[in-house]
Amino acid sequence: MNETVSVTYVSVDAMKNAENELIAAQIPEENFFVDKDKLEIKVITPKATKSTIEELLNRHNHK
């Protein structure tokens, strides 16, 4: 079963850094959505890898 992880960032740079980490971690681009207006990234991930995705996204300056 998949879950969605959402993180809102305080700046465009922080959001872009998180997006680059997702790409570097080979997360398929169809599994995440970047909302540039809300400075938010949403990732659809299996429950087994949810904590890893949360850790990766939370490395950057978020709200």
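Computed from the coordinates by the stated procedures, all read-outs in this text should not be read as laboratory data. Keep in mind that what you see is a predicted model, and the values were worked out from it rather than measured. Backbone-built Cβ (ideal geometry, glycine too); neighbour counts: all protein chains shown.
Points worth noting:
- Backbone phi angles across the stretch 28-35, fed through the Karplus curve with coefficients 6.51, -1.76 and 1.60 (θ = phi - 60°), yield HN-Hα couplings of x, 4, 6, 9, 9, 10, 10, 9 Hz in residue order; Gly and Pro are listed as x.
- Volume per residue of the C-alpha convex hull in the chain, rounded to whole Å³: 70
- Cross-link partners for Lys47 among the aspartates and glutamates, with Cα-Cα distance under 16 Å and sequence neighbours closer than 8 places in the same chain left out: Glu3, Glu55.
- Charge sum, other residues only, whose C-beta stays under 10 Å from Phe32's C-beta, Lys/Arg counted +1 and Asp/Glu -1: -2
- Here each label is just a point 7 Å from Cα along the line to Cβ, and for Asp13 and Lys63 those points are 2.0 nm apart.
- Set of lysines near Lys63 by C-alpha distance (under 20 Å), chain-local residues within fewer than 8 positions excluded: Lys16, Lys36, Lys38, Lys42, Lys50
- Lys50-Phe33 pseudo-label distance in nm [points 7 Å out on the Cα-to-Cβ vector]: 1.8
- Here the stretch 2-57 is assigned +1 on the Cβ of each Lys and Arg and -1 on the Cβ of each Asp and Glu. Its dipole about the Cα centre then comes out at about 100 debye.
- When shorter helices are ignored and each DSSP H run of at least 4 residues is given -39500 (n - 2.57), the per-residue value for the chain at 222 nm works out to -10000 deg cm²/dmol.
- Relative to the longest principal axis of the Cα atoms of the chain, the long axis of helix 12-24 makes an angle of roughly 30 degrees.
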